[in-house]
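Accompanying notes for the structure given below.
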Amino acid sequence: SSGVSNRPFTMSNSTPATDNEKKKSKGNRSPCSPSRVLHIRQIPSGVTGAEVVSLGLPFGKVTNLLMLRGKAMYWLQAFLEMASIDAAVSMVNYYTPAAPHLHNQPVYIQYSNYKELRTDNQHNQARPQAALQGVNAVQHGNLGITSALAAEGGVLPSHGSVLRIVVENVFYPITLDVLYQIFSKFGFVLKIVMFHKNNQFQTLLQYADAMDAYYAKMSLDGHSIYTGCCTLRVDFSKLTNLTVKYNNDKSRDFTRVDLPFGDGHRTLETSLSNPYATQNTIFPPYTGPPGFAPALGFPQGAVTTSAAPGHMTTPGIPGNSVLLVSNLNPEAITPYGLFILFGVYGDVHRVKIMFKKRGIALVQMADATQAQLAINYLNGQRLYGRVMHATLSKYQAIQLPREGQEDKGLTKDYSNSPLHRFKNPCSKNFQNIFPPSATLHLSNIPPSVTVDDLKNLFTSKGSTVKGFKFFQKDCKMALIQLGSVEEAVHALIELHNHDFGENQHLRVSFSKSTI
């Protein structure tokens, strides 16, 4: 038994619909006026009351819960009462375009015809009500009542307080402070560590309390930070405690203001004041791109009107779009090579290699968001035998050489290049931005080109081919795995836009997959 019932229940300000009314409305639901009571349908069997309640927690206090058996034995339905209509409206507005998932199944939320939920005399509602009491106990700091959660059948988390967060389709830069703002909505965040692993952007985040971690996972898993990209995959880590050595842009211990910045990291520009005093405030002020989902932690006033998915014409991060790239190999680097490599992460407008210092270059991106993205992925990457450094430049734009000025072809204007990957705001390239990897994704391969042709092509550029695989559903695309990440970077520079003849050009990008 799942603790739900089909017995009559009492709600105020409404009359149950007749069978004829239900038949007429089936498949053609007319929207109800906003109400504190929300109807949640197609809940998979086995979902607990605490899991249902967790859907409403980011929007305000949940004041009542009723769970019922659906028409199909394997579906449940629930009525969730919020403390205010504003909270209910925020919840419906957030979940309508992106249905939440419970036990890997989408559930659907709409306003109920009922204005108030009464469950005082209902049978088989002890477990959902216990879950509700437990949640309210946690929210109000009365941890003594949380034992009531045991009646829910194992709702008390057996996991720890550390979450493992994977961010997919990273188009806009994800900073430590952005993650803090999102996850601190659910409780006290103690520590954050960011890193790349298996060609994925990952984060470990530790809460002060395991229940906070539980509700953060239930509420945020599967949702996108920005419109159409930066999707969160949240799970529990096997770790029970995080060790943080440095407070910088990659790791932070909010309980230790005395930690050093560490070598090779940017110093913090924000105050590391006591987080417990600022838990419900913005930390620091939001400066991200438009389209951020307000329910993930930002007040409405901090969010602009949602833009088209992946739209890059509005700079999201105020600041400079010119990069200073140093420690380059002067014998091998060219403006075109930098244009192709940095063009993986944005549209490069101009490139300038310093005339007297050939190991230093300026790269001008289309906007500051793209510049920051390129820094995140390319700073510290090996290129032609050297570890490349990328940071923001003091210059606001790259000036083209005056007529007659000696330049030797070291300054190039690519503003109108047909090779820009992101000029179309609807391009799928926005969803396929990955860090440099040994596996490359190839596309636009002519039917006449064979596996051996492609292997020989990459070998001719000095690459060691470790694996190759055509896509089964589309032979115009393939994966090729090379000997190292550095080899793949060199191959991408050399072979992106390779001409096969008859106006057919190879497209090369980094892949998150392996062969």
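Report the residue count in segment 217-249 for those that are among the acidic types (D, E) and free of Cβ contacts under 8 Å to residues at least 60 places away in the same chain. Final tally of qualifying residues: 0. How about segment 77-88: which of its residues are open to solvent by 40 Å² or more (accessible area, probe 1.4 Å) and either closer than 14 Å to P34 by Cβ or aliphatic (A, V, I, L, M) (or both)? A83, S84, I85, D86 - these are the residues of segment 77-88 that are open to solvent by 40 Å² or more (accessible area, probe 1.4 Å) and either closer than 14 Å to P34 by Cβ or aliphatic (A, V, I, L, M) (or both).
Taken over segment 91-124, the residue count meeting the criterion of being modelled with pLDDT of 80 or more, closer than 23 Å to P58 by Cβ and polar (S, T, N, Q) is 5. Taken as a whole, segment 162-173 holds no residue that is modelled with pLDDT of 85 or more and touching a His at 6+ places or on another chain (Cβ under 8 Å). All conditions but one from (1) free of Cβ contacts under 8 Å to residues at least 40 places away in the same chain; (2) surrounded by fewer than 18 Cβ atoms within 10 Å (Cβ to Cβ) apply to H159; the one that does not is (1). The numbered conditions (1) open to solvent by 50 Å² or more (accessible area, probe 1.4 Å); (2) more than 30 Å from F201 (Cβ to Cβ); (3) at pLDDT below 85 are all true for D413 except (3). Scan segment 193-232 residue by residue and report those that are of a type in the set (D, E) and open to solvent by 40 Å² or more (accessible area, probe 1.4 Å). Those that are of a type in the set (D, E) and open to solvent by 40 Å² or more (accessible area, probe 1.4 Å): D209, D221. When segment 235-284 is limited to residues that are of a type in the set (A, V, I, L, M, F, W, C) and not in a loop (DSSP other than H, G, I, E, B), the one that is modelled with the highest pLDDT turns out to be F236.
Residues in segment 434-493 that are of a type in the set (S, T, N, Q), surrounded by 18 or more Cβ atoms within 10 Å (Cβ to Cβ) and assigned to a loop (DSSP other than H, G, I, E, B): S437, S463. When segment 347-392 is filtered for residues that are open to solvent by less than 30 Å² (accessible area, probe 1.4 Å), more than 14 Å from N320 (Cα to Cα) and not β-branched (V, I, T), the ones remaining, listed by number, are D347, G359, A361, Y377, L378, Q381, L383, M388. Every condition in (1) of a type in the set (V, I, T); (2) more than 26 Å from the chain's Cα centre (by Cα); (3) over 24 Å from N376 (Cα atoms) is met by I515 except one, and the failing one is (2).
The values are calculated or read from the model by the stated rules, or taken from the named source; none is laboratory data. For clarity, every value in this text was computed on a predicted model and none was experimentally measured. Glycine also receives a Cβ, built like all others from the backbone with ideal geometry; neighbour counts cover every protein chain displayed. The area values use the complete protein model at the heavy-atom level, side chains included, leaving out ligands, DNA and RNA. Shrake-Rupley method; radii C 1.70, N 1.55, O 1.52, S 1.80 Å.
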